[in-house]
Amino acid sequence: MTDLKNGLTYAQAGVDIDAGAALVEAIKPLAKATNRPGVSGGLGGFGALFDLKAAGYDDPLLVSTTDGVGTKLKIAIDTGLHGQVGIDLVAMCVNDLLAQGAEPLLFLDYYATGKLDVATATSVVAGIAEGCKLAGCALVGGETAEMPGMYSEGDYDLAGFTVGAVNRDGVLPRLDEQRPGDVLIGLGSSGPHSNGYSLVRKVVERSGLSWDAPCPFGDGTLAEALMAPTRIYVKSVHPLLKAGKVKGVAHITGGGLIENPPRAIAEGLEPRFDWNAWPLPPVFDWLQREGGIDDHELRRTFNCGIGLLLIVARDQAPEVLMALLDAGEDAFVCGELAKA
């Protein structure tokens, strides 16, 4: 017969249901602030509904992406700078949608930890909500998993999931329209974004600097500079996609400027970068010098100052460039397409 007097509880097993409920209540106003046309229902259900007709689509295709933040999380955990990795999480997903010509509509997150710290989790989700506002998509739900024994004390992991839409005639890349001489326009990054941080951490280890040391290539501490959130390009770029001004988009993530551009370029063509067309940002110059990283390794690991790459017809390039500059982007011509 079961001894109920000495029975176990979920809390004794390491899972605090009350903390989970407190987190849900804390993030409800954050999620509500990201509401947009098309969202149906609120946070807390078993799923999220979205009305594509209310969002203005008449012949839509759905596009979904998922991503994480990588080992940039280790810096957040080691330094307590949790507020911005949520922006990174959204950015890595929604910028991928742009490469298909799509507009981000809704976002969900997955937060996993060994023991739930409500303050830390709320800070992370606040960043996710801010990223959703920057991208114009709604935070419609997610999952918080408290898993004792799976993570070391203080550790957590993140995954993001986004769904977007594009009308059938707006899907990118438009490979059959690409030609030699098409212009490559780069949009400036805010730093390494969320890629290459295992190498970043190795360089910092070699430098002997602590995370709270003055930044050797900018303002604030070294950690603050390296935690600059990934830029979200949706509001400046999506109008150009809807207008049919762009033939292809490459989100420069893991693989840098070597591996990512070919994913958006037609067979028989290749990108020819003018590597002198933009200055290497100070963070990458410091990483290269401090780590003894050669040019090819740098370019195949980091974005080197270009977070998003657009492929545009030569006669459309001045108009596109001006629109990006007017929208507040650091945009510049950085090369062209050529026969492979």
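The values are calculated or read from the model by the stated rules, or taken from the named source; none is laboratory data. The shown structure was predicted, so the numbers you read here are calculated from the model rather than taken from an experiment. Because the Cβ atoms are built from the backbone with ideal geometry, glycine has one as well, and the counts that use them run over all protein chains shown.
Structure notes:
- Positions within segment 54-85 being closer than 23 Å to G38 by Cα and not charged (D, E, K, R), in sequence order: A54, A55, G56, Y57, P60, L61, L62, V63, S64, T65, T66
- Residue count for segment 92-107, restricted to those that are within 13 Å of the chain's Cα centre (by Cα) and more than 25 Å from P261 (Cα to Cα): 1
- Of all the listed residues (L158, L139), the sole one being touching a Cys at 6+ places or on another chain (Cβ under 6 Å), touching a residue at least 60 places away in the same chain (Cβ under 8 Å) and either assigned to a loop (DSSP other than H, G, I, E, B) or not polar (S, T, N, Q) (or both) is L139.
- Checking each residue in segment 217-237 for being in contact (Cβ under 8 Å) with a residue 40 or more places away in the chain and either hydrophobic (A, V, I, L, M, F, W, C) or over 27 Å from V283 (Cβ atoms) (or both) picks out F217, A223, A225, L226, M227, A228, I232, V234, V237.
- Filtered by the rule that a residue be in contact with a Ser or Thr (Cβ under 8 Å, 6 or more places away or on another chain) and among the small types (G, A, S), segment 138-153 gives A138, A145.
- Scanning segment 151-206 for residues that are at positive phi and either modelled with pLDDT of 95 or more or surrounded by 18 or more Cβ atoms within 10 Å (Cβ to Cβ) (or both) yields G181, G191, H193, G196.
- For V69, the requirement of being of a type in the set (A, V, I, L, M), at pLDDT below 70, part of a loop (DSSP other than H, G, I, E, B) and in contact with a strand residue (DSSP E or B) (Cβ under 8 Å, 6 or more places away or on another chain) is not met.
- Scanning segment 303-318 for residues being closer than 26 Å to P192 by Cβ and either without any contact (Cβ under 8 Å) to a residue 24 or more places away in the chain or part of a strand (DSSP E or B) (or both) gives a total of 7.
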